[in-house]
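The values are calculated or read from the model by the stated rules, or taken from the named source; none is laboratory data. It should be emphasised that the depicted structure is a prediction, and the values quoted were computed from it without experimental measurement. For neighbour counting, all protein chains shown are included, and Cβ atoms are generated from backbone atoms with ideal geometry for every residue, glycine included.
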Amino acid sequence: MVPQSQRYRLLATFNAGFTYTSGNNGSTDNGQVNEPLSDGNATLIGYSDGRVDIVKWSGGPNAGPDVAWTRQSQAPIVWNRQLNPDLNDDPNSPQWGLTLGGVGDVWRTGVGIDRRGNLFFVVADNQTVITLATILQHIGAVRAMEFDINADWHTLITYSHHHGLDPRMVEPQPNRSDTRYLEPDNRDFFAVYTRLSGPVTVPFK
């Protein structure tokens, strides 16, 4: 969950990607391996100087000293502004996510990077992996990756600070509270903060 000491600068939280058991999707924080990174997987990476990017990982199980964090999630769905030609609408595809009920059009989330280095997070219902990739391509992503799917897991929350911390779920999500990530949860997530001076690190307390 978001550490109490960091909540004063919290701007947003959103769900992460497929689990390690669903495609060897590794992650690291502050040079520590949570699950080993897999070469070839799409990797959202945050550098200690504040930059973020999406790369095809080729650096072994851990990231370098200039990396604050990494999170992998399958193969890229957009690369060099083009949709991955291996995308398909099979609802039982282990590569693009098994759907609940065996239907292809479900809640899906994804992240993309534009040519200026801006990060996008997309969440939408009734999407296949192809339509999700098309949305990210349409809004300017030059590289993109799919994050978690299905109705239980999508979460985008923003926070205001007028009278204490005030969370607001951005999309309809009857299965989750807007206090998700402010309390213990069984999935990892991303938190967006106002930046402090100095190198970027992942705060755990």
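Only residues that are surrounded by 17 or more Cβ atoms within 10 Å (Cβ to Cβ) and either hydroxyl-bearing (S, T, Y) or part of a loop (DSSP other than H, G, I, E, B) (or both): list them for the range 49-60, please.
W57
Could you tell me which of the residues R71, R116, R81 is charged (D, E, K, R), surrounded by fewer than 14 Cβ atoms within 10 Å (Cβ to Cβ) and either under 25 Å from T201 (Cβ atoms) or modelled with pLDDT under 95 (or both)?
The unique qualifying residue is R116.
Given the criteria assigned to a loop (DSSP other than H, G, I, E, B) and over 28 Å from H138 (Cα atoms), does A63 qualify?
So A63 passes the test.
Please specify each residue of the range 74-96 satisfying the condition of being more than 22 Å from S27 (Cβ to Cβ) and either without any contact (Cβ under 8 Å) to a residue 60 or more places away in the chain or among the charged types (D, E, K, R) (or both).
Across the range 74-96, the qualifying residues are R81, Q82, L83, P85, D86, L87, N88, D89, D90, P91, N92, S93.
I'd like the full set of residues that are farther than 12 Å from F14 by Cβ and charged (D, E, K, R), limited to the range 164-175.
Those that are farther than 12 Å from F14 by Cβ and charged (D, E, K, R): D166, R168.
If you check S197 against the conditions, is it more than 19 Å from the chain's Cα centre (by Cα) and exposed (fewer than 11 other Cβ atoms within 10 Å of the Cβ)?
yes
When only residues in the range 144-165 that are assigned to a loop (DSSP other than H, G, I, E, B) and on the phi < 0 side of the Ramachandran plot count, which is surrounded by the fewest Cβ atoms within 10 Å (Cβ to Cβ)?
This residue is H163.
What are the residues in the range 84-113 that are outside any loop (DSSP other than H, G, I, E, B) and either buried (at least 17 other Cβ atoms within 10 Å of the Cβ) or in contact with a His (Cβ under 8 Å, 6 or more places away or on another chain) (or both), if any?
Across the range 84-113, the qualifying residues are V106, W107, R108, T109, G110, V111, G112, I113.
For the range 27-45, enumerate the residues that are within 17 Å of the chain's Cα centre (by Cα) and either outside any loop (DSSP other than H, G, I, E, B) or β-branched (V, I, T) (or both).
S27, T28, D29, N34, E35, A42, T43, L44, I45
Which pairs have Cβ atoms under 6 Å, sit 6 or more apart or on different chains, and link a residue in the range 127-154 that is under 17 Å from G101 (Cα atoms) to one that is aliphatic (A, V, I, L, M) and modelled with pLDDT under 95?
N150/L100
Working only within the range 166-181, note down all residues that are surrounded by 15 or more Cβ atoms within 10 Å (Cβ to Cβ) and either more than 27 Å from T99 (Cα to Cα) or of a type in the set (D, E) (or both).
Those that are surrounded by 15 or more Cβ atoms within 10 Å (Cβ to Cβ) and either more than 27 Å from T99 (Cα to Cα) or of a type in the set (D, E) (or both): P167, D178.
Residues T99, T70, T109: which one is touching a residue at least 40 places away in the same chain (Cβ under 8 Å), touching a Ser or Thr at 6+ places or on another chain (Cβ under 6 Å) and of a type in the set (V, I, T)?
T70 is the lone residue from the list that is touching a residue at least 40 places away in the same chain (Cβ under 8 Å), touching a Ser or Thr at 6+ places or on another chain (Cβ under 6 Å) and of a type in the set (V, I, T).
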